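Participant: One structure is given below, represented as structure tokens, and several questions about it will come after.
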Amino acid sequence: MTTLTRRRFLTALTGAAGLTLTAGLPGRALAFGEQNLVDIAELDLGDGTLSRPSAWKRLLYEMVQTTSVDTKVRSARVTPEDPALFEHPFLVLLGDGAFAPVSEEGIKQLSQFLAYGGFLFIDDTTGREDSGFDKSVRRMLTRLFPTRPLSFLPEEHSLFRSYFLLREYPGRVNRFPQPEGVSVGNLTPVVYSRNDVSGALMRDELGQPIHACVPGGEAQRREAVKVGINMLMYSLTANYKADQAHVKALMERGHLE
């Protein structure tokens, strides 16, 4: 039985045309899509961005095995201008190089997507300090959030305890100790990791990991799975799990490790 349901989406988008990020994000009662099943969509920005459907199928499989949230083990690929964007409230952007600026139409629709309660996870797959993808991401986020800077998420952020209590935030690499994010009020609709989380999740046709996790090996890969689950749970539940009563309940059930 599902204990968490997805947010309900505004059925008439034209009626919400005046909603903007500067007015703040709406409550998490809003939702996307036609079903109460969680899936993941990749944002396609052309050259410089990647598609790793096996990573997201693996994450959704792990979500089913670990939590009581219903998922549809699939991944889609959409452009910022595609109306289908609103069918997938959990959106990922991953890449290994610089990408072209998003069109004005795409920026407008991404802004609406995030204002309506959508969540964007950005994954720099290079694991490098200085990458063309990182520069492009920061330029795009400046256009989406001109008055809200990308900044490191504090240790007490709900993301770090939405299901597991995270003390690290690794992926294929474990070079950057903290993810960054853009917050609007007490919500964070965009989270940015530079540790290649998707690289740790990828599997081949036989279900075997594709990339080694360095320096921590399989233990690091297990932590990367927890990172992914926490992001999905945060996108569904937002900040109510920040309270200590919830943390105590999770500890009693053995979810916080």
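Quick note: the coordinates plus some simple rules give every number you see, no bench work behind them. What you see is a predicted model; the values in this text were computed from it and never measured. Note: ideal-geometry Cβ built from the backbone for every residue, glycine included; neighbour counts use all protein chains shown.
Participant: By how many nm would the segment from Gln208 to Thr142 grow when fully extended, if each residue of separation counts as 0.36 nm and the alpha-carbon distance is taken off?
Facilitator: Stretched fully, the Gln208-Thr142 segment lengthens by 20.0 nm.
Participant: If you wrap a convex hull around the C-alpha atoms of the stretch 30-253 and split its volume per residue, what is the figure in Å³?
Facilitator: 119 Å³
Participant: Further question: Which whole-Hz ³J(HN,Hα) couplings does the stretch 144-150 yield from phi under the Karplus relation 6.51 cos²θ - 1.76 cosθ + 1.60, θ = phi - 60°, glycine and proline marked x?
Facilitator: 6, 10, x, 10, 10, x, 6
Participant: May I ask you to compute the full-extension gain from Glu129 to Glu168, defined as 0.36 nm times their residue separation minus their alpha-carbon distance, rounded to one decimal in nm?
Facilitator: 12.2 nm
Participant: Name the long-range amide H neighbours of Tyr192: under 5 Å, sequence gap of 5 or more, or other chain; modelled H, no Pro or chain starts.
Facilitator: For Tyr192, whose amide H was placed from the backbone, the distant partners under 5 Å are Ile122, Glu180, Gly181.
Participant: Now for a separate question. Once fully extended, how much extra length lies between Glu156 and Arg74, figured as 0.36 nm per residue of separation less the alpha-carbon to alpha-carbon distance?
Facilitator: Result: 26.4 nm gained on full extension.
Participant: May I pose another question? Roughly how far apart, in whole Å, are the Cα centres of the stretch 100-129 and the stretch 40-89?
Facilitator: The distance from the Cα centre of the stretch 100-129 to that of the stretch 40-89 comes to 14 Å.
Participant: Rounded if a/c is under 1.5, else prolate if a/b is larger than b/c, else oblate: which is the stretch 135-200, with a ≥ b ≥ c the root eigenvalues of its Cα gyration tensor?
Facilitator: oblate
Participant: Of His211, His157, His88, how do they rank once you tally other Cβ atoms within 10 Å and put the fewest first?
Facilitator: His211, His157, His88
Participant: Then there is this: Apply the Karplus curve 6.51 cos²θ - 1.76 cosθ + 1.60, θ = phi - 60°, to the phi angles in the stretch 215-220 and return the couplings in whole Hz, x for Gly and Pro.
Facilitator: Running phi through 6.51 cos²θ - 1.76 cosθ + 1.60 with θ = phi - 60° gives x, x, x, 5, 4, 5 Hz.
Participant: Give the percent of DSSP beta bridges with both residues in the stretch 30-253 that are antiparallel, rounded to the nearest 5.
Facilitator: So the antiparallel bridges amount to about 30 percent of the total.
Participant: Around Leu94, which amide H atoms from residues at least 5 apart in sequence, or from another chain, sit under 5 Å from its own amide H, with H modelled in the peptide plane?
Facilitator: The answer is Leu43, Leu50, Asp123.
Participant: Convert each backbone phi in the stretch 92-109 into a coupling constant with the Karplus relation 6.51 cos²θ - 1.76 cosθ + 1.60 (shift: θ = phi - 60°), then list the ³J(HN,Hα) values in order as whole Hz, x for Gly and Pro.
Facilitator: Each residue's phi maps through the Karplus curve to give 10, 10, 10, x, 10, x, 5, 10, 5, x, 6, 5, 4, 4, x, 4, 4, 6 Hz.
Participant: Can you give the FRET efficiency to the nearest 0.05 for Glu104 and Leu37, using r as the Cβ-Cβ distance and R₀ = 35 Å?
Facilitator: 0.60
Participant: Aspartates and glutamates within cross-link reach of Lys135: Cα-Cα under 20 Å, excluding same-chain residues under 8 positions apart?
Facilitator: The reachable aspartates and glutamates, counting only those whose Cα sits under 20 Å from Lys135, are Glu42, Asp44, Asp47, Asp96, Glu104, Asp123, Asp124, Glu180, Asp196.
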